[in-house]
Every structure is written in structure tokens, then in C-alpha cells.
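For reference, the structure discussed in these notes is given below.
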Amino acid sequence: MGRIRVLVVDDHRIFAESLAAALAAEPDVDVSAAGSGPAAQRCLDRAAADNRRYDVLLVDADLGDGPRQASPVLAAQGAAQAPQVAQLAHTPAAAPVALAAVPRIPVESEPVVDGLTLVERVRADYPGTRTVVLAERDDARRAARALQAGASGWVAKDCSLSRLLAVVRGVLRDETHLPPALLTGVLRELTAARRHRTESERLVESLTPREQEVLRCMVAGLGRKAVAERLYLSPHTVRTHMQNVLGKLGVHSTLAAVALARRAGVGPVELLPSAGDVVERRGQLS
């Protein structure tokens, strides 16, 4: 295995920089730090443009949860790591120079991107990049959600550096890493999620082909009038279909129907260009 490119994403600056500096002391690790989801996205895009993609992202489980004070425990960990990093690197200036090259933009001026959303985006846009979620506490439900979003591991923030490095190298071998104490709970959550998905699939399959088409329009966010125009039906007929969909799915709102449809893997209907867009395009071609 060659050099490993790691991006630490955490809005606790002390923790992020201390962890990045500790990882940078490893001879086969190149590391950067980002203080928010949007900043991490920019790092990923820039690295891809330079053909130097990151291998692993270490993402804060609580990223984007709003303004937070760094906990005394994390601050103490960061302060305690500094002299250890200097000793490991054999040069106190090495780690700060590496981190100084990472641009930082104030979090207040950026849209909020939480940790799981970032994990999902990485899976969709950079499938070769592995993500590991760093958490302050064990939570089987959140760990299961992270795995479903595309994470390859869930690690406690107070674990040892050697443990974290083992996880980083392990996920690059396509391993999945979880704390042993979470295994039973995570498996239970994943099994329940699969059961809910299976039930959702069964309910969707009970719909007629036309009702399924209406449901896909609902998932796309189309209102009754837009669905009527799309399917060449009267608004009254569409209203009847929508009521039938809600009844068969056992829900009481469009929002609940869409959530159930997504659990069943139902995607949105492809949106067609509006009449204005068609006229404009024809004008450009003439």
C-alpha cells in the first residue's frame, strides 16, 4: 500500500488539528483538516481535480449540529497530544506547516452539512473514498445509520491512535470496523431497517401500476395539478389516486407516503422540461 491521503472533518478545531498532526507523524500518511461539511466538499473537489483523491475521510458524527463549545475532555486530549506529536515527528514544525496549507472559511457563512449527509455525498460522488465516523459516545442506532449511509467504520474519539490507524488501513482493505460493544445493537438496527424496508416494499407492490406512477410523481415533489398534466388525467382523478395511495400505504399525509416510498427504494419520476423551457430551447435552435 502506498501513501494514504486522509481528510479529518470536525468542527472542533482543537481536536481536528491535534488528530491531523498526530496522523501526519506517520511516515505513510498525508493528512489535511476541514472544519465543516462544505469545506470538506471543497477539499474533495479540489483533490479530485488535481487527480489526488483522498483515500479516507474521518468525519465527526456531530458535524453541523450547530454552535458547540469544545468539551473539556477533547480540549485536554488536544493539548496532551501536541508534545507527543512533536516527539513522534522528530520536528515540532512539521505538522503545523502541513495543516497551514488547508484553507479555513468561517462556518457561519456556509450552509450546514451534517456528518451523515457528507458520508452519503462521498459515497455518491467519490465511491473509491472510504469514510470513518468519529463519535464521542457509542450509539447503535446512529452507527447503523452511518453504515447505511456508506460509512466503513464507527470509532470512538477517545480510542488510541494505533487503533484509529488500524481502522484506517483496514477500511482500505474493504473491512468494516465497529466497536465490539456496538455489534449486537447495530445488527439489531440493520435487521429492523431491513424488515421495515421489506414491509414498505410489500405495501408499494399492493398499488396498481397507475397508483405507483402517481406515487413516483409524489416522490418527485409534484402537486396534484402537475401530476394531472404529467399523466394526462383530470385533477379529480389524480386526487382519487392520491387518496387510494395513502390508504393502501396506511399513512395520512403525502410526506409520510414519500418517506415510505423512499424506504422501499421508489425513486422520483423523471421531471420533464416545462413548456417555457421548450419554447426557449426552440428559439435558441432557430
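Descriptive notes on the structure:
- Scanning region 150-194 for residues that are part of a helix (DSSP H, G or I), open to solvent by less than 60 Å² (accessible area, probe 1.4 Å) and not small (Gly, Ala, Ser) yields Leu161, Leu164, Leu165, Val167, Val168, Val171, Leu182, Val186, Glu189, Leu190.
- If only residues of region 142-178 that are of a type in the set (Lys, Arg) and within 27 Å of Arg197 (Cβ to Cβ) are counted, the one that is nearest to the chain's Cα centre (by Cα) is Arg145.
- Scanning region 160-184 for residues that are within 13 Å of Val132 (Cα to Cα) and modelled with pLDDT of 85 or more yields a count of 15.
- Condition check for Leu231: surrounded by 13 or more Cβ atoms within 10 Å (Cβ to Cβ) and within 20 Å of Gln148 (Cα to Cα): no
- Residues being within 18 Å of Glu199 (Cβ to Cβ), open to solvent by 70 Å² or more (accessible area, probe 1.4 Å) and modelled with pLDDT of 90 or more - total across region 249-270: 1
- Selection status of Asp138, modelled with pLDDT of 85 or more, acidic (Asp, Glu) and surrounded by fewer than 16 Cβ atoms within 10 Å (Cβ to Cβ): no
- Any hit, region 199-220, residues being under 30 Å from Ala40 (Cβ atoms), under 23 Å from the mean Cα position of the chain (by Cα) and open to solvent by less than 60 Å² (accessible area, probe 1.4 Å): yes
- Here Pro273 does not qualify as at pLDDT 90 or above, farther than 29 Å from Ala144 by Cβ and either open to solvent by 60 Å² or more (accessible area, probe 1.4 Å) or aromatic (Phe, Trp, Tyr) (or both).
- Here is the figure for region 211-260: residues that are small (Gly, Ala, Ser) and assigned to a helix (DSSP H, G or I) total 6.
- Whether a residue is open to solvent by 80 Å² or more (accessible area, probe 1.4 Å) and either at pLDDT below 85 or within 20 Å of Leu183 (Cα to Cα) (or both) was assessed, and Glu120 does not pass this test.
The values are calculated or read from the model by the stated rules, or taken from the named source; none is laboratory data. Nothing here was measured: the structure is a model prediction, and the numbers come from that model. FYI the Cβ positions are ideal-geometry reconstructions off the backbone, even for glycines, and counts take in every protein chain you see. With ligands, DNA and RNA removed, areas are computed over all heavy atoms of the protein, side chains included. Shrake-Rupley method; radii C 1.70, N 1.55, O 1.52, S 1.80 Å.
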